[in-house]
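Comments concern the structure below.
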Amino acid sequence: MRPFDTLTLMQFLWAFLAILGFSIRVNLKGVKIVYTALSGGLCWVFYLIALYYSNSVLFSVFVSIILVCIYSEIVAPRLRTPVSVFVTCAIIPLVPGRGLFQSMQLYIAGNNIEASQSIMQTLLIAGTISIAIAVVSSATNLLHKMLNRF
C-alpha cells in the first residue's frame with residue numbers, strides 16, 4: 001500500500017467518521033466536532049505514511065502522535081477548548097485495543113509465550129503514545145514560558 005492512494009483516503013474517511021461519531025457521543029458541540037474528527041483522521045493518515053516509509057510500528061505511532069498533538073496545540077486555543085479534548089479524540093485510532101484482545105485470547109488458549117509477546121507489543125505502543133503526548137506537552141509549556149519571559 002502506497003501512502004497517497006485511494007485506500008489511504010478511504011481509511012482517513014473511516015477514521016474521520018469514527019471520531020465524528022465519538023465526538024457527538026461525548027457531547028461536543030459546533031465546529032469542535034469537525035476539528036476533533038479531523039484530528040482522528042489525520043492521526044491515522046500520519047501513521048500510515050510514517051509506517052510506509054519506516055516499517056516500524058512504534059516509530060510510526062510516535063511520529064503520528066507528535067504531529068497530531070502539535071495540531072491540537074494549535075487548534076485548541078483558537079476554539080477556546082482544552083488541548084486534552086483534541087488529543088483524547090485524536091489518539092483513539094491508534095489505541096492498541098486489538099492487541100489487548102488478542103493477548104487475552106492467547107492466554108485463555110494457553111499460548112503463554114505468544115500472549116506475552118503480544119502484551120509486550122501492546123504495552124510498547126501504549127507507552128509510545130504517552131511519551132509522545134508528554135514530549136509535545138512539555139515542549140509547548142517550555143515554549144510558552146520562554147515567550148512570556150521576553
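Checked against (1) more than 15 Å from residue 129 (Cα to Cα); (2) touching a Ser or Thr at 6+ places or on another chain (Cβ under 6 Å), residue 53 passes all but condition (2). So which residues in region 110-124 are surrounded by fewer than 18 Cβ atoms within 10 Å (Cβ to Cβ) and under 14 Å from residue 58 (Cβ atoms), if there are any at all? 120, 121, 123, 124 - these are the residues of region 110-124 that are surrounded by fewer than 18 Cβ atoms within 10 Å (Cβ to Cβ) and under 14 Å from residue 58 (Cβ atoms).
Within region 13-41, the set of residues being in contact with a Leu (Cβ under 8 Å, 6 or more places away or on another chain) and surrounded by fewer than 20 Cβ atoms within 10 Å (Cβ to Cβ) comprises 31, 32, 33, 34. Here 122, 140 are screened, and the one residue that is touching a residue at least 24 places away in the same chain (Cβ under 8 Å), under 19 Å from the mean Cα position of the chain (by Cα) and under 26 Å from residue 73 (Cα atoms) is 140. Scanning region 97-109 for residues that are surrounded by 12 or more Cβ atoms within 10 Å (Cβ to Cβ) and without any contact (Cβ under 8 Å) to a residue 12 or more places away in the chain yields 101, 104, 105, 107. Within region 86-113, restricting attention to residues that are closer than 19 Å to residue 46 by Cα and hydrophobic (A, V, I, L, M, F, W, C), the residue that is farthest from the chain's Cα centre (by Cα) is 86.
Coordinate-derived values only; no laboratory data. This one's a predicted model, so the numbers in the text were calculated from it and none came from an experiment. Neighbour counts run over all protein chains shown; Cβ positions are idealised from the backbone, glycine included.
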